[in-house]
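*Asks:* Below is the structure I would like to discuss, written out as structure tokens.
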Amino acid sequence: MSTNFNRSLTVAEATQRLMQYCAYQDRCHKEVKQKMRDYGLIPQAQDQILGKLIEGNYLNEERFARSFARGKFNIKHWGKNRIVCELKFREISSYNIKAALTEISEPVYHEKLHWLAEKKLSTIKEKNLYKKKKKLADYLLYRGWESHLVYEKINELVE
């Protein structure tokens with residue numbers, strides 16, 4: 001769909017486009033507000049459209065947070081720290097962040113950490129034990145796993 005930026009969108013056109021934008025995948029309020037700014041909408045129009053999107057359940061912050069957490073955990077194998085950080089960046093409320101983290105069960109969380117640590121460990125060719133542990137720790141910490149869990153796992157796996 002090509003956008004002609006020589007004319008501004010009507011509220012009805014912008015609303016329709018944003019409904020499609022939100023229907024395609026869950027979006028957070030920050031993404032939708034940015035899209036409205038890109039469309040050059042005035043603040044009153046933005047507020048009106050935002051209300052319609054929320055009312056029509058096109059925009060639901062809790063649903064977004066929950067699906068974001070599930071996706072990043074299951075597909076990208078992120079730990080809770082990284083998920084929380086990314087949700088905060090998207091200006092998600094702490095209430096919805098807590099709700100999102102309930103999507104990850106503790107046993108599955110620990111299994112995923114074990115699987116990820118073993119997988120990465122098999123690719124580290126370092127002979128020096130200290131450097132090997134550091135590489136594994138850096139990898140897991142970057143992915144957002146809690147440091148106490150990372151160091152417990154490293155001590156369990158690296159000898």
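*Asks:* Six or more apart or on different chains, Cβ atoms under 6 Å: show the pairs whose first residue is in the stretch 50-78 and closer than 26 Å to L140 by Cβ and without any contact (Cβ under 8 Å) to a residue 24 or more places away in the chain and whose second is buried (at least 18 other Cβ atoms within 10 Å of the Cβ) and among the hydrophobic types (A, V, I, L, M, F, W, C).
*Replies:* Taking only residues 6 or more apart or on different chains, the pairs are K72/W78; K72/I83.
*Asks:* To continue, here is another question. Looking at the stretch 23-45, I want the residues that are more than 15 Å from L9 (Cβ to Cβ) and have a partner that is hydrophobic (A, V, I, L, M, F, W, C) and at pLDDT 95 or above with Cβ atoms under 6 Å, at least 6 apart or on another chain. Which pairs are those?
*Replies:* Pairs found: D26/F64; C28/F64.
*Asks:* Continuing with this model, one more query. Can you list the helices (runs of 4 or more DSSP H) found entirely within the stretch 21-127 that contain at least 1 residues being of a type in the set (V, I, T) and under 23 Å from N155 (Cβ atoms)? Give the derivation first.
*Replies:* Details: elements: 29-39, 43-55, 61-74, 80-89, 94-101, 106-123.
Result: 106-123.
*Asks:* When both residues are 6+ apart or on different chains and their Cβ atoms are under 8 Å apart, which pairs have a first residue that lies in the stretch 117-128 and is of a type in the set (S, T, N, Q), and a second that is loosely packed, with under 12 Cβ neighbours inside 10 Å?
*Replies:* Once the first residue is of a type in the set (S, T, N, Q) and sits in the stretch 117-128, no partner that is loosely packed, with under 12 Cβ neighbours inside 10 Å comes close enough.
*Asks:* Okay, moving on. Could you list, in sequence order, all residues of the stretch 87-96 that are crowded, with 17+ Cβ neighbours inside 10 Å and under 25 Å from D138 (Cβ atoms)?
*Replies:* Selection gives L87 alone.
*Asks:* Still on this structure: Do we find a residue being β-branched (V, I, T) and under 30 Å from E118 (Cβ atoms) anywhere in the stretch 89-96?
*Replies:* No, the stretch 89-96 has no match at all.
The values are calculated or read from the model by the stated rules, or taken from the named source; none is laboratory data. Keep in mind that this is a model prediction, so the values were computed, not measured. No Cβ is skipped: glycine too gets one built from the backbone with ideal geometry, and neighbour counts run over all protein chains shown.
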